[in-house]
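The values are calculated or read from the model by the stated rules, or taken from the named source; none is laboratory data. Being a predicted model, the structure only gives us computed values, none of them experimental. We place every Cβ from the backbone using ideal geometry, glycine too, and count neighbours over all the protein chains shown.
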Amino acid sequence: MKDKKFAPRGPRGGAKPFNRTGKSAGRPAWRDRDSQADGPVILYGWHTVTMALANPQRQIRKLTLTENAAKRLADDNIDTRVTPEIVRPQDIDRLLAPDAVHQGLLAEADPLPSPDIEDLQLDGMVLVLDQITDPHNVGAILRSAAAFAVKAIVTTARHSPEATGVLAKAASGALELVPMVTVPNLARALTTLNDLGFQTVGLDSDGSEDLSDIVLREPLALVLGAEGTGLRRLTRETCSVVARLDMPGEIKSLNVSNAAVLSLYVGASRLGLMKR
């Protein structure tokens, strides 16, 4: 569910995940994730806001706190970076959806820059999301991606949720850790990844073989489709291989965020990333 009051688009940064001398050398390595954004990114909740405050790439415009939240930040020696406005919890409640758990913290910030796909490092793993629109799912995927040191998440400018509000809360701070590469066309982006040397593995219940049986190599791009529709035809055709996740139980399909974490575990284990 999207935040009803705040709906600006934008997000991410991370620790040195890009090759600055890649194919895009000679033009800016960073650009605004969405130059059409007409407002700030809205961040709320303890982990989401404190991770944003700790990220030097995240420009904070405004910080609204309750007295208890302000005291907790002071007790934890967390720099607020801007002079906060102290309000009652109900004042923050009125700015957010009824089910938003803000824990007394609300920040308005600029979107994080989006890297170019050609600047990805040629090691480790990236995730590619094919029109996954639920912000809770994408936020959960971001959190898992941060846990598995994913280099970036590639998604489309359209048919993807805004990196604000609900998604940011579900990501629990991972927006500040996993760069998000926004592309206009996913099939062309996958072609670029193939040209760069990525092994592009689509995940689909009709895949030709189980993911655990495939010889995986770095750099690896795992491609996930939306629940119900799965991977689109052109996405499937552009992947170097399409695999499935075999499970022993009666239920053979997983929520996409659960499929993402299982795929990441298989990939990280097979590539030896768990020991690094």
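Counting only residues that are closer than 30 Å to Ile86 by Cβ and surrounded by fewer than 20 Cβ atoms within 10 Å (Cβ to Cβ), how many does region 109-135 have? Of the residues in region 109-135, 1 are closer than 30 Å to Ile86 by Cβ and surrounded by fewer than 20 Cβ atoms within 10 Å (Cβ to Cβ). Within region 140-152, being surrounded by 24 or more Cβ atoms within 10 Å (Cβ to Cβ) and not in a loop (DSSP other than H, G, I, E, B) holds for Ile141, Leu142, Ala145. Total residues in region 38-87 satisfying the condition of being aromatic (Phe, Trp, Tyr) and either part of a loop (DSSP other than H, G, I, E, B) or modelled with pLDDT under 95 (or both): the figure is 0.
Filtering region 235-276 to residues that are polar (S, T, N, Q), assigned to a helix (DSSP H, G or I) and closer than 23 Å to Ala149 by Cβ leaves Ser257, Asn258, Ser263, Ser269. Counting the residues of region 153-164 that are surrounded by fewer than 22 Cβ atoms within 10 Å (Cβ to Cβ) and among the hydrophobic types (A, V, I, L, M, F, W, C) gives 1. Taken over region 99-119, residues that are part of a strand (DSSP E or B) and touching a helix residue (DSSP H, G or I) at 6+ places or on another chain (Cβ under 7 Å) amount to 4.
Scanning region 231-248 for any residue that is touching a Pro at 6+ places or on another chain (Cβ under 9 Å) and hydroxyl-bearing (Ser, Thr, Tyr) turns up nothing.
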